[in-house]
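The values are calculated or read from the model by the stated rules, or taken from the named source; none is laboratory data. Because the structure is a prediction, the values reported are computed rather than measured. So basically every Cβ, Gly included, is an ideal-geometry build from the backbone, and we count neighbours across all protein chains shown.
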Amino acid sequence: MAGRDMADLAQRYLAFAEQETPQSITVIEAALKRGNTPHGVEDHLLRRDHPDAKTRLWIVDRIMEPQTVPHFVQFLISGRLPNGEQCALPRPTEDEAFDIAQPFSAWAPAPYNDIRRSAMDTMMVRIGSFEDSARLLSISKELHTMKSRIWEGIMPLSERRWRDLKLDEPDNLDAACQYMAAVTRVFHYLNYPKVKKALRETFNLISDEARTYGDAMNARRAARADGSYERLNVPALWYEFIKAHYDLVTTTAHRWVVEHVDRLREPVVQELNDHQPEIPGPADARQWLLTNKLHDLLENGAHADFAIALPMDGYKGSALAALDDVPLNARDNQRYCEEAITWNTHTSRRKLDYSGRLRYLSRQEAYERGMAQLQSPPFSVSPAPNDPVSLVRIARSMITAQHRARRELRGEAKISEMDLWFKQVLKEYGNPRFEWGYVIYQLSHEHSEEQWTSFKAKFEADVADWGHGMAEIDPVRSMCKVHWLDGGNLGIDDGDIEAAKRHFKTYVNSGNEPEQIRKNMFLIADPSVVNSYLEPVTPKVHFVLLVDAKFKPDNDNLGRGSESPGYTGTLRVLPSLLWDDIGAMLVMRNQTLVDLWPLAMTRPALMYEGPVPLPVLLFPSLDSLGPGLARVVSTVWILVVSAVLEREAFGK
């Protein structure tokens, strides 16, 4: 009897733990079809034979984000690493640090004074440019968007947005898993062999440029000294900066995924425990649904554990040589790992170590829990395959095993750090020139005074509702202001965006503008914005119009028309995203309105709602049309798509 009980338990466990049995293969194939786990990145890399090459939007990716170099210069000046620690290595003085942006010929002694470019310029060339395009890749817009956020420690969803999307509700678990998978997929991409190699090469090339800058600085120090001076090791500073940046980014991303996995998993386990099948026998439909959810959450946790990493093997300054080409051995391919595991910078070996260890610990946990139950009364009852107690025991075994494997691989969870962007804003508290708040123009006068007052109160409450769960929020919240201007009093007709742009450009440089307002964009409350609050077509679909004050229709979006087709310099956005989403990205310089437009152009109401883990489709190309006709067709296309999407979304 006990043997039969354990056989039943083992069969269910083997499927759950992904062993190669017919049942387990079915489980794995079903999981892949659901698409809730971050398996692979090949579909997000453009290739000639990609089936969606002409229908999805593809972006040329600079694997190391361009804003990394300016952030490094900020570190040279302040000495504060991304993780908040103060660097102990000698640094340039503030004046010396500013020279990184000046041509060597303007400040450096011979022989460096023959160099006509600045160190910062040559570093940016190495990031990716026409001069050095060897490491540029074309990837999907959705992957590029998420990677750009994750690189700066900006998670895909704030707590407010997660709540608005109701992702804690059981029926929305698929969507929640897809957000978590999108985060982990960024690291699958960054550790993809040719991408990892290209990222390492970019770092090393910039390290060489940093060495030239440091050598020139040391030569100048030597010329000015009386025989004694402090030497700078700028490549070492570059290594320390990137190492701290990688540590913070990976810690932040891993914590976000794991915390949400744990948050979503417990209610599913509880429902599995509470659900009572009608008769003993095979698992019923509800039990299959719940165990599928647990499988998806387990997979997301596993991928986060072994994939969210940015190893620095082969980086100049690291003691480790590149391990990419080190072959696996027989031990690496063992299905079970009985010994405790440790961190390994080799991507495939780390995955195999973790997977083998998780399998072994899961089997051990399931066996021990099963034996404990068999030794408890009633001794004579053999549980059916759909017995809730047995199913929960298996689930708990997997959870316990995963927690243990995670600790062995990654160590104890680190204390939560303040977000990078939030640190930057907090540091600027009290700086009147820091750009953070918004000017908003009232370009709607068709509503009654009572309606306008109601709209304004709802809008300001919506904008202020952010920062849930964040520490030290009050100083930053006090900076989050919108400053109202009545277009009617300024001679601006309702809906005249161009007139508002002309006024804004003068206003923000008049000396009478409020402190800490953004000078390159502003908000507009036109009739559609007001109506979205007074008469929303669906609950909580409110928006405000964000205007790019510097956009000019004829400049092809600064040469990026193909990556942001149809962009006209305005963007409908959720007001709840103004601070910890859009504001965060503007502070970190990783995304602007032209980057966000593609995420809105195929959404209902052409509205930016934050990143969405779905393929971003490409508008039909207008390249073959003349510029005048192209703008006309583009405008008509936008209006048609907007009408169709709104009708489909809202049933009108």
- Gly566 fails exactly one of (1) assigned to a loop (DSSP other than H, G, I, E, B); (2) modelled with pLDDT of 75 or more; (3) at negative phi; (4) not β-branched (Val, Ile, Thr), namely (3)
- Query: Has the stretch 185-205 got at least one residue that is touching a Gly at 6+ places or on another chain (Cβ under 9 Å), among the aliphatic types (A, V, I, L, M) and surrounded by 16 or more Cβ atoms within 10 Å (Cβ to Cβ)?
  - Reply: no
- Close pairs from the stretch 468-480: first farther than 20 Å from Pro514 by Cβ, partner surrounded by 13 or more Cβ atoms within 10 Å (Cβ to Cβ), Cβ under 7 Å, at least 6 apart: His468/Glu159; His468/Arg160; Gly469/Glu159; Met470/Phe422; Ala471/Met418; Glu472/Leu426; Ile473/Gly467
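Quick one: is Leu143 surrounded by 15 or more Cβ atoms within 10 Å (Cβ to Cβ), among the aliphatic types (A, V, I, L, M), out of contact with any helix residue (DSSP H, G or I) (no Cβ under 7 Å at 6 or more places or on another chain) and in contact (Cβ under 8 Å) with a residue 24 or more places away in the chain? Step through it out loud before you land on a result.
On the way: surrounded by 15 or more Cβ atoms within 10 Å (Cβ to Cβ): yes; among the aliphatic types (A, V, I, L, M): yes; out of contact with any helix residue (DSSP H, G or I) (no Cβ under 7 Å at 6 or more places or on another chain): no; in contact (Cβ under 8 Å) with a residue 24 or more places away in the chain: yes.
When the stated conditions are applied, Leu143 does not pass them.
Is it true that Ser510 is in the same structural domain as Ala605 (by TED's automatic domain parsing), touching a strand residue (DSSP E or B) at 6+ places or on another chain (Cβ under 7 Å) and assigned to a loop (DSSP other than H, G, I, E, B)? Steps first, answer last, please.
Numbers: in the same structural domain as Ala605 (by TED's automatic domain parsing): yes; touching a strand residue (DSSP E or B) at 6+ places or on another chain (Cβ under 7 Å): no; assigned to a loop (DSSP other than H, G, I, E, B): yes.
So Ser510 fails the test.
Results for (1) surrounded by fewer than 16 Cβ atoms within 10 Å (Cβ to Cβ); (2) assigned by TED's automatic domain parsing to the domain that holds Met588, shown as yes or no for each residue.
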| position | (1), (2) |
| --- | --- |
| Ser416 | yes, no |
| Tyr429 | yes, yes |
| Phe434 | no, yes |
| Lys456 | no, yes |
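Select from the stretch 460-469 the residues that are under 24 Å from the mean Cα position of the chain (by Cα) and under 18 Å from Leu574 (Cβ atoms) and list them in ascending order.
Matches in the stretch 460-469: Asp462, Val463, Ala464, Asp465, Trp466, Gly467, His468.
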- Here are some conditions: (1) at negative phi; (2) without any contact (Cβ under 8 Å) to a residue 12 or more places away in the chain. Lys166 meets all but one. Which one does it not meet? (1)
- Matching residues in the stretch 208-231 - criterion: being modelled with pLDDT of 95 or more and not basic (Lys, Arg): Asp208, Glu209, Ala210, Thr212, Tyr213, Gly214, Asp215, Ala216, Met217, Asn218, Ala219
- Message: Please verify whether Tyr239 is more than 16 Å from the chain's Cα centre (by Cα), assigned by TED's automatic domain parsing to the domain that holds Leu298 and among the hydroxyl-bearing types (Ser, Thr, Tyr), treating the condition exactly as stated.
- Response: yes
